[in-house]
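In what follows, a single structure is set out as structure tokens and then discussed.
What follows draws every value from the coordinates through simple rules; no lab data is involved. Predicted model, so just to flag it, every value in this text is computed and none were measured. Cβ placement follows ideal geometry from the backbone for every residue including glycine, while neighbour counts extend to all protein chains displayed.
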Amino acid sequence: MKLIFIRHAQSMANAAGKWQGRGETELSELGRQQAEKLRERFAAEGFEPTHVYSSPMIRTSETARIATAAWNYPITPLDDLIEIDVGVFSGKNWEEVQAQYPEAARLYHETRNWDHVPEAEPMADRRVRAERTINQLIADHTNEDKILAFTHGGIIHYLFAALMGVDRLWGMPVGNTAMFDFDLDVERWHHSDSTLLNTNLWRINRLNDSSHLD
């Protein structure tokens, strides 16, 4: 099965340098252009999915609609692809956070631990949600399927960790419309024998690739 996760295009909040979390913002004009470039990349590569999923948030669903317009496929909303909830930081830039929530800002700055941020989604819950998403996609599809899933820069770290089967969460700057492209054998996903060591069954084709924006 081919599984491609894509971060949404630039939103108005991205352009303003604000945390979004579960806050709703539309794409910026640049964001719409980015989604169009993603659609052009799919066409140039001759790629066509069998199934398209998206976080139900405006910035992801709009990215999905623009990027998949050539196929006229239904876009299935998947709630677990939603962005992480950043609590009281949502809709604010760092200066506003420091002014309105100085203690939470101090603790977050010192530890980078979201569990110190009031109303934020607990980090352990994010991991559970990501694992649930991966397991659902694997259970619902076959090796012949090509899955395109539009999601967010925060939760994509957890999705990647869940897919890799690692306990440690590795951070990276995820670009707008960046692609995370994997091939995996869903029929042998739950095997615990030597198939785990067979690199022909588990492939990372592209990681955080937004070269179509260059």
Surrounding charge for Glu29, neighbours by C-beta under 15 angstrom, Lys/Arg +1, Asp/Glu -1, total 0
Net charge near Phe150 (other residues with Cβ under 10 Å of its Cβ; Lys, Arg +1; Asp, Glu -1) is +2
Too long for a 31 Å Cα-Cα cut-off, among Lys18/Lys146; Lys37/Lys146; Lys2/Lys92, are Lys18/Lys146; Lys2/Lys92
Computed about the Cα centre, the charge dipole of the range 1-55 from +1 Lys/Arg and -1 Asp/Glu charges at the Cβ has a magnitude in debye, to the nearest 20, of 200 debye
Summed over the other residues with a beta carbon less than 15 angstrom from that of Ala130, with K and R at +1 and D and E at -1, the charge totals -2
With +1 at each Lys and Arg Cβ and -1 at each Asp and Glu Cβ, the charge dipole magnitude of the chain around its Cα centre, to the nearest 20 debye, comes out at 260 debye
Labelled set (1) 1.04; (2) 0.99; (3) 1.23; Cα Rg over 2.2 N^0.38 Å computed from this model equals the value at (1)
Expressed as a whole-number percentage, the relative contact order of the chain with C-alpha contacts under 8 angstrom and at least six residues apart is 31 percent
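Do you know the relative contact order of the range 1-85, to the nearest whole percent, from alpha carbon pairs under 8 angstrom that are 6+ apart?
33 percent
Nearest 500 deg cm²/dmol is fine: what mean residue ellipticity at 222 nm does the chain get from its DSSP H runs of n ≥ 4 alone, each adding -39,500 (n - 2.57), divided by its residue count?
Values: 7 runs with 77 residues, N = 214.
Roughly -11000 deg cm²/dmol at 222 nm, from the helical runs in the chain.
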